[in-house]
Each structure stands twice: as C-alpha cells, then as structure tokens.
Amino acid sequence: MELYDDLAGQVALVTGATRGIGAQIAQNLNELGATVYASARSVDDDVPDGCEKVLLDVTQEGDIEAIADGVFGEVGRLDVLVNNAGIGEFGDDIVAEPTDRINRTLATNLRGPMLLCKHLVPLLLQQEAGRVVNVSSGMGQVSDMGDGSPAYRISKAGLNGLTAYLHGEYNDHGLIANSVCPGWVRTDMGGEEADRSVKKGAETPTWLCRFRPGGESGKFWRDREVIDW
Ligand code: NAP
C-alpha cells in the first residue's frame with residue numbers, strides 16, 4: 001500500500017478529539033506534519049498540543065456549517081476527515097432500548113458523520129485524494145451482529161453504509177473512504193478492562209489517513225487488514 005510518509009501541507013479534521021482514540025489520532029496526524037483541526041464540544045476542553053481547537057457538536061448542523069463555511073472556507077483546504085466522535089451506551093435488546101438513547105446514538109454516530117460529509121465533501125473533492133476515515137466498530141458488522149446494544153450496533157452498521165456510499169459516489173473522483181474498527185480500547189467508552197491501549201487503537205485509523213491517491217477505498221479495516229462488513 002502506497003502511503004504518505006508525512007502529511008506536511010495537508011489539512012485534517014478529527015471529530016471528538018478531546019480524549020480517547022480521537023485525541024490520539026489528532027496527535028498522530030499532527031506529528032506527521034498535518035495541520036490538524038481537533039474538535040471539542042466545550043471551550044474548556046483541551047485538544048492535543050499543536051492542534052487547532054474547533055468547537056463542534058456533531059448533532060448540531062449549525063456547528064458543522066459554521067466550521068465548513070468559517071474555518072475551512074478560510075483555510076480553503078481539507079485533505080482528511082476523521083469521523084471519530086461517538087457515544088456508546090450499551091444495553092439490552094431493542095424492546096428495552098430507551099427511545100431517547102436510539103435518537104441520541106443515531107444523531108451522534110450516524111447523522112453527524114453524514115452531515116459532516118454533506119458539508120465537507122466538496123472541499124475534500126478539490127484534493128487529488130481526499131480521505132474520509134469513519135471510526136466504526138466490530139459491533140456494527142452486519143455479517144456478525146451478535147446481540148444487545150441495538151442503537152450502537154445499528155449506528156455503526158449505518159456508518160459503514162456511509163463509507164460504502166461515499167466510495168460508490170465519489171471514488172471515481174478520487175475520494176478514498178474507509179471504515180475502521182479500532183479494537184477494544186481502554187478509553188472512557190471502552191473501560192479499563194479493554195485489551196488495547198489508546199495508541200494501539202489509533203494505529204490503523206492513522207494509517208488509513210496516510211493513503212495516497214488511488215489507495216484502497218470502500219472497505220472495513222481492523223489492524224491494517226480488511227474485515228467483513
Ligand atoms: P471516548 O473516550 O468516550 O471519547 C469520545 C469522544 O467523542 C470525545 O472526544 C467526546 O467529546 C466526543 N463526542 C461525543 N459526542 C459528541 C458530539 N455529539 N459531538 C462531538 N463530539 C462528541 O470514546 P473512544 O473510545 O475514544 O471512541 C472513539 C470512537 O471509537 C467512537 O466512535 C467509538 O464508537 C469507536 N470505538 C471505540 C471502541 C473502544 O473500545 N473504545 C471500540 C470500537 C469503536 P466530549 O469530551 O465533549 O464528550
């Protein structure tokens with residue numbers, strides 16, 4: 001696979017970069033030389049050193065428009081969009097799933113990335129190989145759905161659908177769109193029992209951000225290997 005050795009001169013947006021996997025991806029991209037816009041919901045929250053903080057709640061289309069028109073309108077460039085922001089409230093079957101959890105989870109994990117793409121794909125298409133990296137989960141694998149937590153599982157299955165859609169619609173125009181499962185990672189969401197460090201969880205998402213023009217697209221990855229949808 002042809003990869004950029006560094007991302008000097010390139011511009012990235014990482015959503016949900018205040019902590020966990022998103023903060024690590026933002027830090028990695030910054031260390032690779034990209035100008036990184038790292039999203040936070042509160043002015044009081046920190047993002048990794050060297051990154052530019054942008055205020056964004058992915059459930060608020062107004063925030064997304066403000067970034068697309070304001071920040072990126074001014075910068076005039078976006079090479080990489082990492083849809084990382086997500087919530088994971090795990091529970092029982094669909095009968096027991098509270099409706100407000102279904103709404104919240106789909107709004108954050110699926111509708112948010114869709115609206116980010118709606119407003120930012122035009123800028124990504126101006127590059128030879130704009131990249132979208134959707135941070136998904138094995139829990140959203142349609143081929144192996146398992147049980148419990150339907151809102152989360154279906155939000156991630158939907159996010160994978162977004163990846164496949166973006167590939168089908170725009171790959172001919174250079175866009176590279178991929179989904180990635182980071183594995184089970186020790187974050188606020190993953191918990192202390194998880195078997196992976198944040199650094200390990202951010203490895204394959206960061207690798208996908210380095211794909212060069214013509215790189216593989218429209219796939220679901222874990223540990224740099226393609227996995228089933
Ligand atoms: P985390 O530690 O809970 O961090 C979540 C991040 O998303 C925080 O920065 C949070 O910001 C942000 N966020 C939540 N809702 C948001 C919203 N409405 N708008 C903007 N930002 C929002 O989670 P994580 O474990 O790093 O997870 C990152 C991604 O990996 C998620 O998409 C998750 O589903 C996926 N994933 C994680 C695991 C795992 O084991 N950890 C496994 C598979 C997939 P605030 O600080 O403002 O809350």
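The values are calculated or read from the model by the stated rules, or taken from the named source; none is laboratory data. Not measured: the values here are computed from a predicted model. So basically every Cβ, Gly included, is an ideal-geometry build from the backbone, and we count neighbours across all protein chains shown.
Residue count for segment 101-147 satisfying the condition of being within 10 Å of the ligand (Cβ to nearest atom), in contact with a strand residue (DSSP E or B) (Cβ under 8 Å, 6 or more places away or on another chain) and either assigned to a loop (DSSP other than H, G, I, E, B) or of a type in the set (V, I, T) (or both): 2. What is the one condition in (1) of a type outside the set (K, R); (2) within 10 Å of the ligand (Cβ to nearest atom); (3) closer than 26 Å to Q126 by Cβ that V11 does not satisfy? So the condition that V11 fails would be (2).
Only one entry in A96, A129 is free of Cβ contacts under 8 Å to residues at least 24 places away in the same chain and farther than 18 Å from P182 by Cα, namely A96. The requirement of being within 14 Å of the ligand (Cβ to nearest atom), free of Cβ contacts under 8 Å to residues at least 24 places away in the same chain, surrounded by fewer than 17 Cβ atoms within 10 Å (Cβ to Cβ) and of a type in the set (A, V, I, L, M) is satisfied by V43.
Would you please name the residue that is modelled with the lowest pLDDT, looking only at residues in segment 53-82 that are among the β-branched types (V, I, T), more than 13 Å from the ligand (Cβ to nearest atom) and buried (at least 16 other Cβ atoms within 10 Å of the Cβ)? Filtering first and then ranking leaves V71. Among the criteria (1) in contact with a Ser or Thr (Cβ under 9 Å, 6 or more places away or on another chain); (2) part of a loop (DSSP other than H, G, I, E, B), the one T187 does not fulfil is (1). Which of the following residues is in a loop (DSSP other than H, G, I, E, B) and surrounded by 20 or more Cβ atoms within 10 Å (Cβ to Cβ): A85, A177? Result: A85 is the single residue among A85, A177 that is in a loop (DSSP other than H, G, I, E, B) and surrounded by 20 or more Cβ atoms within 10 Å (Cβ to Cβ). Summed over segment 19-40, residues that are within 14 Å of the ligand (Cβ to nearest atom) and either among the hydroxyl-bearing types (S, T, Y) or at pLDDT below 95 (or both) total 2.
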